[in-house]
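Accompanying notes for the structure given below.
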Amino acid sequence: MVTDGLYERPGFLLRRSHQISVAIFERACAALSLTPAQYGVLTIVEAHPQIDQTRLARALAFDKVTVQRVLKGLEERGLCQRERLSLNRRQTAVSLTPAGQAMVQAARRPVQRAYQELLAPLSEDEQTTLIELLQRLAQSLEGEARSRFEPLGQ
């Protein structure tokens, strides 16, 4: 059976690389029961306390349903809290609880180990090049994305 170059196609390789990245992350953070999406939310909320859900979703390029699902799980674990903003009842501000702050701190080392493991097959120059190429690809094709991405300032 001919695969018609499937295994050399960028989409296939990006999807497979993402699957591997998630597996490495989840193994590194297994003791914390933390997913990449949860860590992303916790990291953004830590850096931007009281961020509204819309800005949070855009900062991670999540759709509204995904960010709500992730926040619900984090709330159930006591890691974050949402509150309606009094000025605009449709907007919800998100903040970390003390347990959420502790989770972000506890996750930093395993997340860094996962990042290093993922890039270990590449030299330092190749790692830099890969990140630069992925950034260029994402930035150049942003208009094709289903979810809007608006990075927040550090």
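The values are calculated or read from the model by the stated rules, or taken from the named source; none is laboratory data. All figures in this text were calculated on a predicted structure; none of them were measured in a lab. All Cβ positions, glycine included, derive from the backbone under ideal geometry; neighbour counts span all protein chains shown. Please note that ligands, DNA and RNA were not included when accessible areas were found on the heavy atoms of the full protein model with its side chains. Shrake-Rupley method; radii C 1.70, N 1.55, O 1.52, S 1.80 Å.
Applying 1/(1 + (r/R0)^6) with R0 = 30 Å to the Cβ-Cβ distance of S140 and Q19 gives a FRET efficiency near 0.80. Helix 36-47: angle to the longest alpha-carbon principal axis of the chain, degrees 0 to 90, nearest 10? Tilt of helix 36-47: around 50 degrees.
Ligands, DNA and RNA left out, the accessible area of region 23-91 computed with a 1.4 Å probe is 50% carbon and sulfur. Per residue of the chain, the DSSP helices (runs of n ≥ 4 H) give a summed -39500 (n - 2.57) that works out to -19500 deg cm²/dmol at 222 nm.
Spin-label model, E26 to A120: label points 7 Å out along the Cα-to-beta-carbon direction sit 2.0 nm apart.
I'm spelling it out carefully: the read-out is mean projected area of the Cα convex hull in nm², the candidates are (1) 9.6; (2) 12.9; (3) 11.7, and one was derived from this structure. Which label? Correct label is (3). Computed from label points 7 Å out along Cα-Cβ, the spacing between Q127 and Q81 is 3.9 nm.
What shape does region 95-136 have by the C-alpha gyration tensor, where a ≥ b ≥ c are the square roots of the eigenvalues, rounded means a/c under 1.5, and otherwise prolate means a/b greater than b/c and oblate the rest?
Working: a/c = 5.61, a/b = 2.23, b/c = 2.52.
Since a/c reaches 1.5 but b/c is at least a/b, the shape of region 95-136 is classed as oblate.
Carbon-plus-sulfur accessible fraction, region 94-146 (probe radius 1.4 Å, protein heavy atoms only): 53%.
Surface analysis of region 1-143 yields an accessible area of 67 Å² per residue, using protein heavy atoms and a 1.4 Å probe.
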